[in-house]
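Q: Here it is, the structure in full.
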There are 2 protein chains.
Amino acid sequence: MEHAANTASLYEQYVTELQRIADVRYSAAVLQWDQETYMPPAGAGFRAQQIATLSELAHSRFTQPSFINLVNELSDRKDLHDAGQKNISLSKYDVEQQAKLPSAFVRRLSETVSRSFNAWMDARRQNDFRVFLPLLGEVVELKKQEADMLGYESHPYNALLNEYERGSTVELLDNTFSRLQEPLRNLLDRISRCPQVDDSLLHQHFPEQDQWQFSMQLLEKMNYDLQAGRQDKAEHPFTTNFSSRDVRITTRIDEQDLSNMTYSTIHELGHALYEQGLPADQYGLPLGEYASLSIHESQSRLWENNIGRGMPWCQSFFPVMQHFFPKQFGGRSAEQYYRAVNKVTPSLIRTEADELTYHFHVIIRYELEKSLIGGTLSVEDIPAFWNENYQKYLGVTVPDDRRGCLQDVHWSHGSFGYFPTYSLGSLYAAQFFESAKTAVGQLDEKTAKADYSDLLQWLRQNIHIHGRRFNSEELCKNVTGEGINIRYFMQYAEAKYRFIYAFQTEGIAI
Amino acid sequence: MEHAANTASLYEQYVTELQRIADVRYSAAVLQWDQETYMPPAGAGFRAQQIATLSELAHSRFTQPSFINLVNELSDRKDLHDAGQKNISLSKYDVEQQAKLPSAFVRRLSETVSRSFNAWMDARRQNDFRVFLPLLGEVVELKKQEADMLGYESHPYNALLNEYERGSTVELLDNTFSRLQEPLRNLLDRISRCPQVDDSLLHQHFPEQDQWQFSMQLLEKMNYDLQAGRQDKAEHPFTTNFSSRDVRITTRIDEQDLSNMTYSTIHELGHALYEQGLPADQYGLPLGEYASLSIHESQSRLWENNIGRGMPWCQSFFPVMQHFFPKQFGGRSAEQYYRAVNKVTPSLIRTEADELTYHFHVIIRYELEKSLIGGTLSVEDIPAFWNENYQKYLGVTVPDDRRGCLQDVHWSHGSFGYFPTYSLGSLYAAQFFESAKTAVGQLDEKTAKADYSDLLQWLRQNIHIHGRRFNSEELCKNVTGEGINIRYFMQYAEAKYRFIYAFQTEGIAI
């Protein structure tokens, strides 16, 4: 009895301390959100310093010996309740990983990526990779050091992959990508022999103000809780959260392309619904956090592609779009819209790519990062590597850096090892979507009526509510009965594009 | 030589540590700014916790023995440069004060005022003081404890006054307010015997969007650096800063009253120009901070009243207003506008009061707070005290709590002892303005051309650049040759209202 009380009180200490650390982490996230939405430009210098201080503080508090001892002590307690045991076991792993990095290193990395983000913005403005080069070089150097400190087997990139997706390795990804490429190529070949889809209805003038209002309606109708979230404009769409009761997204609007805003908004909505569905009573604890980046991405992809680029969604939302854009969409049909947003064609920009060629955008980045972190590619040679591989994989010629290797924000943030989770996310999304269809009766009919409550409830109960309790593969097995399997994505894609491009079924070999 | 190097290195340590602490303080300020501008309502609970954690962290780091020892060690070093000696001497005072408060108390106060802010918002919505009462009671209890911990002579309110205005006491304020009241009453009496000014041109419909655009132009023309600042909308206008390179203001817009937005914007601009003028190289150090709240308020008042409610300003800006509001202001003159914005009349709302009756709004709050903290007034009796004194001092009947004791945000923030600095600020403003007129040639002519560069430069050089180097009275003596003297305010007011109300000069007895 006394021992039990003692365990309960130790656990209470652990919860309080971890929640304090979360307060600091989430505060840093507020500062970052502000940096990318509203901060006046002259504030950048001190802001970088402020974020670095919070990052260093959170890290040093998380890795202080008294906290590590507390976690270790609790990990031996058998009288701890189940959720407590799971939290402790995940925290034990986390502190062991984080303790490999000195707090001064964490600070230095934070300061460097803030400066590097600004350099990347400048480089984009000037459309010149060389402006970004010195800072990117510093970031890559630090990330290599980080890999060395974290330790790895066989490839330094594994250490970085593992930070976003525990257990992910070059070996596993090489395998997945190589298995994915052949059926993807076959499908793309068949599509390329068919008459191309007409997507001209998407490329009209769509005034910013109308797009904004449409996006707000979209979010509301698709169950985003605006009492616990908001949307703002930013250079780059992202989702961030400061608890599951304050989950924010950003969007950017291109007046010449409605689908750009629409699908980026649904994508971020998917991320946001996941964060809003995490258990608030586990604030700051592992069970209150997302399972992994690939699972996070499975949620954004599922809503963006499996739902948002599906015919039932188009049936329910095209009339709404006609309401907002009567001139542009008058006399057009939901099916025309559906075909247009599913046009398959190799392109330059990842975030605007179709669901099939998208994977090649990821593979190029994956190969590039692997070489960069592995030391066989130098930072100076990134543009050449990039342009060469866009030619090789997608057959497109990169006209300039802005539409080439400067298009993504990730490297400026020091996010190496992040891109592969996008492809994994699409694969998981298709697999989850198949299970959802079985579990939620008449999903298509409900989607066609813009009724997402059953689907969302299913995602909440099967995925969101568990937080980090299961890793990606465990979760996938629980939900779908098996681990990741590219078959689901290929079947989904095969059926969709066969309808759109009207080619003969040849069967897919995977 | 070795000793000197040692001092330099100790001072370096001190600067680094204090700047880290400032990073945390300013981070909390970002979270507060967000809370009052953009935060979705459901985020309030965790946000209160996050701000409390940062406040506690900043406090405990500031009062840790190693830092106190460092400051004490440096305060004995004679080989420290002048700016260093001044910083150390101010920090020594600050740590001694702060060390009287336990960090757990700081956390509890922070959490309580966050909850109390939300209760105050609810109470305003419901127009019912009783909704605010329980939380206000908690806050007052904590502030009394704070006064006891800080220590005081003769009156516990002195401890709280001293936090905003070092050296300020009930005795000094009683004296100042009693000396101010008689000439103020005389002037008001004379005004009341004159025909009233017609201010109907201010009370038309001014669309929100047009007011916003006018306010942005106002800020730009009045030298607000929008590269190092921004304006947003909030329930209550305020200025905040996260360095002197990121100084933000908020405004609120009443479509039935243009002067509400206009003068609240110029007021916040005055605060913001001060913060933008503090030396950036002293970031986080005492010399990088404002001198005192009354000096801060002198800057907002000088721009709002001495400049913004003056004839030259009206001459330059009325045409701009006619441009934004052609229907409302067509056929009206700058002089009509000038008279309207200087109408003197007892009213219910402090922030909308004229320059004369304003002081009575402050005196009522001062008397109330003194009784509350002194223990002779209980929280329940605030509305009765309030209403009675509005009748007594201003002759107005308070119709409801929203227009009565719920009108100000300050108590919900735990800011007791703050209001008196508003009156002191007006007195300093008039005194500084008189010196500025002598030092800056042709100030009226420049103001009439909307050229504020010489005035701003004078304020920068004489007030802003010094940060906290001088306290209010030292600064006042340096700038004007004497300490605070109500004569300047009364002379300024006498001349202004004699012109507007056309009464005979009887001389002012002060």
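Each reported figure results from applying straightforward, stated rules to the coordinates on display, with no laboratory input. Everything quoted here is computed from the prediction, not taken from an experiment. When we count neighbours, we look across all protein chains shown, and the Cβ atoms used for this are built from the backbone with ideal geometry, even at glycine.
Q: Relative to the present Cα-Cα distance, how much length would full extension add between residue B:491 and residue B:13 at 0.36 nm per residue of separation?
A: The residue B:491-residue B:13 span can extend by a further 167.1 nm.
Q: Mind checking which aspartates and glutamates have their Cα closer than 12 Å to the Cα of residue B:221? Skip sequence neighbours fewer than 8 apart in that chain.
A: Excluding near neighbours in sequence, the set is B:451.
Q: So what is the 222 nm mean residue ellipticity for chain A from helices alone, if each DSSP H run of at least 4 adds -39500 (n - 2.57) and you divide by all residues, rounding to the nearest 500 deg cm²/dmol?
A: -20000 deg cm²/dmol
Q: From the Cα gyration tensor of region A:408-510, with a ≥ b ≥ c the square roots of its eigenvalues, which class applies: rounded if a/c is under 1.5, or else prolate if a/b is larger than b/c, or else oblate?
A: Note, shape of region A:408-510 comes out oblate.
Q: While we're here: What is the fewest-to-most order of A:388, A:163, B:355 by other Cβ atoms lying within 10 Å of their Cβ?
A: Listed from fewest to most nearby Cβ atoms, that is A:388, A:163, B:355.
Q: Follow-up question, since we're still on this one. Quantify how strongly other chains surround peptide A:47-55 by giving the mean number of their Cβ atoms within 10 Å of each of its Cβ atoms.
A: The per-residue average across the peptide is 5.
Q: Apply the a/c threshold of 1.5 to the C-alpha gyration tensor of region B:170-501 and tell me whether it is rounded, prolate or oblate.
A: Because its axes are fairly even, with a/c under 1.5, region B:170-501 counts as rounded.
Q: While we're looking at this one, here's another question. Equivalent-ellipsoid semi-axes (√(5λ), Cα gyration tensor) for region A:149-250, whole Å, largest first?
A: 35, 29, 12
Q: Among rounded, prolate and oblate, which fits region B:2-148 when a ≥ b ≥ c are the square roots of the eigenvalues of its C-alpha gyration tensor, a/c under 1.5 means rounded, and a/b larger than b/c means prolate?
A: In terms of gyration-tensor shape, prolate.
Q: Which one, A:121, A:27, A:97, projects farthest toward the positive side of the charge dipole computed for region A:2-151 from Cβ point charges (K/R +1, D/E -1)?
A: My answer, from the dipole projection, is A:121.
Q: Quick one: give the max-minus-min coordinate of the C-alpha atoms of region B:259-324 along each principal axis, largest first, in Å.
A: The Cα atoms of region B:259-324 stretch 45, 21, 19 Å along their principal axes.
Q: Can you bin every Cα-Cα distance in the protein assembly as shown into 20 Å intervals starting at zero and give me the percent of pairs per bin, rounded to whole numbers?
A: Bins of 20 Å from zero give 11, 39, 33, 16, 2, 0 percent of pairs.
Q: Size of the dipole of chain B about the Cα centre, Lys and Arg at +1 and Asp and Glu at -1 on the beta carbon, nothing else charged, in debye to 20?
A: 520 debye
Q: When the Cα centres of region B:450-510 and region B:152-227 are compared, how far apart do they sit, in Å?
A: For region B:450-510 versus region B:152-227, the Cα centre distance is 14 Å.
Q: Under a straight-distance cross-link criterion of Cα-Cα below 20 Å, which aspartates and glutamates are reachable from residue A:327, leaving out those fewer than 8 residues away in the same chain?
A: Correct list for residue A:327: A:198, A:199, A:208, A:210, A:254, A:255, A:257, A:335.
Q: So what is the relative contact order of chain B, in percent, for Cα pairs below 8 Å that sit 6 or more residues apart?
A: So the answer I get is 18 percent.
Q: A follow-up question, please. Is there a pair in A:343/A:449; B:437/B:496; B:343/B:370; B:343/B:496 whose C-alpha atoms are over 19 Å apart, and which pairs would that be?
A: From A:343/A:449; B:437/B:496; B:343/B:370; B:343/B:496, over 19 Å: A:343/A:449; B:343/B:370.
Q: Helix A:103-126 versus the longest principal axis of chain A: what angle, 0 to 90°, nearest 10, using Cα atoms?
A: So the helix axis and the longest Cα principal axis differ by about 20 degrees.
Q: For residue B:78, give me every one of the aspartates and glutamates with a C-alpha distance below 15 angstrom, ignoring sequence neighbours fewer than eight places off in its own chain.
A: B:2
Q: Helix B:453-462 versus the longest principal axis of chain B: what angle, 0 to 90°, nearest 10, using Cα atoms?
A: Once rounded, one gets 40 degrees.
Q: Another question, then. List the relative contact order of region B:115-198 as a percent without decimals, with contacts defined as Cα pairs under 8 Å and 6+ residues apart.
A: Relative contact order here is 14 percent.
Q: As I understand it, the dipole of the protein assembly as shown uses +1 on the Cβ of Lys and Arg and -1 on the Cβ of Asp and Glu, about the Cα centre. Which of B:303, A:426, B:48 lies farthest toward its positive end?
A: B:303
Q: What number comes out for the charge environment of residue A:388, summing +1 per Lys or Arg and -1 per Asp or Glu over other residues with Cβ under 13 Å away?
A: -1
Q: Let me ask you something else. Just want to confirm a number: the relative contact order over region A:2-151, from Cα pairs under 8 angstrom separated by 6+ residues, in percent.
A: It comes to 25 percent, rounded to a whole number.
Q: For the pair residue B:410 and residue A:454, what calculated FRET efficiency results from E = 1/(1 + (r/R0)^6), where r is the Cβ-Cβ distance and R0 = 30 Å, to the nearest 0.05?
A: Efficiency at R0 = 30 Å is approximately 0.05.
Q: Mind sorting B:418, A:157 by how few other Cβ atoms lie within 10 Å of their own Cβ, fewest first?
A: Sorted ascending by nearby Cβ count, the order is B:418, A:157.
Q: Fewest first, what order do A:250, A:345, B:265 take by the number of other Cβ atoms within 10 Å?
A: Ordered by Cβ neighbours within 10 Å, fewest first: A:345, A:250, B:265.
Q: Angle between the Cα long axis of helix B:311-324 and the longest principal axis of chain B, 0 to 90 degrees, nearest 10?
A: Result, in degrees: 80.
Q: While we're here: So for each of B:147-154, A:193-200 I average, over its residues, the number of other beta carbons within 10 Å; can you give me the resulting order with the highest mean first?
A: Result, highest mean Cβ count within 10 Å first: B:147-154, A:193-200.
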